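Report on the structure given below.
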Amino acid sequence: MFARKPLSWLTLILLLATIIGVVYFFVYPQKMASAVPNPPTLLTAQPTVEAGPQPTRLSPNGTTVILENPDAPKMPPLSMPLEVHQFGVTVRLEALDLQEIAHGRVHAQVCFTLPSSSMDWSFGESWLETTMGKWPLIQGELLRYEKDAGGVMWRCDTLTFEAPDKPRIAKPMLQRLVIAALSGPSLAKPDCSAVQKALASEGIQLAPIEEEGVGGCRVVGKPKGMSQEEAERRVASLLMPQQQGPWVFTLKP
């Protein structure tokens, strides 16, 4: 057995320096790396996408739509719209819906140029002439306002015409559509007594509307055979400015 010699001080110092070097160069960097928190995630702002100019909404006639009623019924347009121009106003027949004709009802989409700068014009007395007589206009619903290339304003409505009596044949033939007048803005203070005198011979009786802040006349009596709608339209024709026609469309079977 050989006796082990004790290490010299110089050897011990060299051995200790070697151990410290290994720790410094290999172990310490790994611990430091694990101690450093992950770098923050950079949040880049997403580009804001803004809607560009929207395409101009055009009517079936190619004019610019200014205001449209989204709830108004739509119907296929005529292959060739019909126009009548007279008395300074153009009226255009765009579509006819005959699905309910067997039940005595026809719908039409009709437009007209506004007679003045007011947008409160509407269809006045109008009717549909058929092989079973005259079917009066009973209801009008705004479809849209539009402006043509010349800057002229139009109003378009869906009009409903109804037979006074149930049709006796399955499909009455349409002959003419007559727009007799256009009604303008209502008068601020209608004179019901003057209107009553004008209607005395027609059997329509009126009474003033007495609610606060509301002016007008209401129909309280009418002759037998006249509907409430017809009586009210007759009164409206005297209460509101009228653009007299007629504008007549001959309808081919």
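Read-outs throughout are calculated quantities, based only on the coordinates presented, and are distinct from any laboratory measurement. The model shown is predicted, which means the values in this text are computed figures rather than measured ones. Cβ atoms come from the backbone with ideal geometry, glycine included; neighbour counts cover every protein chain shown.
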Just one of the numbered conditions (1) under 18 Å from SER116 (Cα atoms); (2) part of a strand (DSSP E or B) is not true of GLY150; which one? (2)
Residues located in region 77-96, provided they are farther than 18 Å from VAL178 by Cβ and surrounded by 13 or more Cβ atoms within 10 Å (Cβ to Cβ): PRO77
Among all residue pairs at least 6 apart or on different chains, which show Cβ distances below 7 Å where the first residue, located in region 226-253, is farther than 23 Å from ASP165 by Cα and the second is surrounded by 16 or more Cβ atoms within 10 Å (Cβ to Cβ) and charged (D, E, K, R)? SER237/GLU125
Yes/no for GLN99 being farther than 17 Å from ASP148 by Cα, surrounded by fewer than 18 Cβ atoms within 10 Å (Cβ to Cβ) and not charged (D, E, K, R): yes
Long-range neighbours under 6 Å by Cβ, at least six apart or interchain, first residue farther than 15 Å from THR158 by Cα within region 67-89, second among the charged types (D, E, K, R): GLU83/ARG92
